[in-house]
Structures are given as C-alpha cells and as structure tokens.
Amino acid sequence: MAASQHPTPTDDADEDIDRLNEKINGAFAKISELVERVDELEADNDELAQQNHALRQRVSQLESRTDLLRMVEQTDDMTGKQRSVTLLQHLQKAAHQSGDGEAVTASPKASVTREQAEIALQHPDVDRTTIYDDMRRAVRLVGDEDVCWYDSSGAGAALHLDLTEGSIPAEFGGGE
C-alpha cells in the first residue's frame, strides 16, 4: 500500500481542527444573530414601554374627564356636603399637580376663590353665599385648620389646602 492511501495522524488532526473551527465559527455566527435579536427586542421593549406610559397618561386623562362629566351631570343634584367634598378633591388634585400634570414634590398647596369654586363645581344652581358655606363645611370635614382653612379677609374669600401639614381624611379625599 502506498502511503498516500492511508491518512496520517497529522491529516486526521488537521481535519478535526478544521471541523472544530467550522463549528466554532458557526456558533459565533449564531451568537451574533442572537445578540442582534436581543438588541432588537430591547429596542422594541423600550418603544412599547414608552407607548404604555403614553397610554396610561391618556387613560388617566380620560378617567378625569369621565369623572368630571359625571360630576357635571350630577351637579344640580349635589348636596352641600357633596359640593364640599368635591371642593376638597379639587384642591387635593391641584396640590398634587403642577402645570404639566406631573406630580409635585416641593410644596403640595392649593387654594380656590369663590369664583374658582363655582367653576370647579360646574356652576351649580345655588346662591353665591352657598359656595361660602360649602367652603366652610369643607374645613369642618377635614377637621384640621392647619391642613384646610377658610380665609374671608383681604381681597376675597378663599379655601386653602396645605398637604405639608397633614392630609384630607380618606373618605373625603377621593382615595388619593
């Protein structure tokens, strides 16, 4: 037999190394594909997270509008206590939000004049002095004049809320 007919150990080792290199290169190619796919999925996830955030904000806006529409429909049927609670909820929401609707961390305070109260209550069919009674009732409902107080001195009467001094009782605060 000629030497060329039988593989030498060196030839077998070279073939094994070549096959191993092919497998390694194939594995690296698959790893590269997987890394690219992970990157794509992460980008998709980021985009979906942004969309989710935007949708949550929109749902919150729609819920607020729905609550407002429900309140408008029921305004004329509201009792004095309901109007006072609505004023408290309006103040609490204003205290927790800045102009762009984001949460405020610095000074959660708000106030409302009689005219602003009428707007917040959707202009109920009541005498203007009734709104002052509603404001004073709101103070009594909170029960802590460091948190909520009525001020009739100065340029005009106003209902004030300062959440740095405490909170509105949960039964009147709308669960916020």
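Rule-based calculations on the coordinates, nothing more; no lab input. Just so it is clear, the structure is predicted and the values come from calculations on it, not from any experiment. In this analysis, Cβ positions are derived from the backbone assuming ideal geometry, glycine residues included, and neighbour counts consider all displayed protein chains.
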**Study point:** Per-pair calculated FRET efficiency, R0 = 41 Å: GLU36 and LEU69 via Cβ, rounded to 0.05
**Key:** 0.25
**Study point:** For region 10-77, average projected area of the Cα convex hull in nm²
**Key:** 5.5 nm²
Review point. Which listed residue (ALA155, GLN122, PRO108) has the Cα farthest towards the positive end of the charge dipole for region 79-170, taking +1 on Lys and Arg C-beta and -1 on Asp and Glu C-beta about the Cα centre?
Key: GLN122
Revision key, fill the gap. Projected area averaged over all directions for the convex hull of the alpha carbon atoms of region 79-170, nm², comes out at 6.1 nm²
**Study point:** Value of relative contact order over region 79-170, rounded to a whole percent, pairs C-alpha under 8 Å and six or more apart
**Key:** 33 percent
**Study point:** Charge sum, other residues only, whose C-beta stays under 15 Å from GLY26's C-beta, Lys/Arg counted +1 and Asp/Glu -1
**Key:** 0
Exercise for review: Please sort 18-28, 81-91, 116-126 by packing, taking for each peptide the average over its residues of neighbouring beta carbons within 10 angstrom, highest first.
Suggested key: 81-91, 116-126, 18-28
Point to revise | Order by protection proxy (mean Cβ within 10 Å, highest first), peptides 29-40, 160-171 | key: 160-171, 29-40
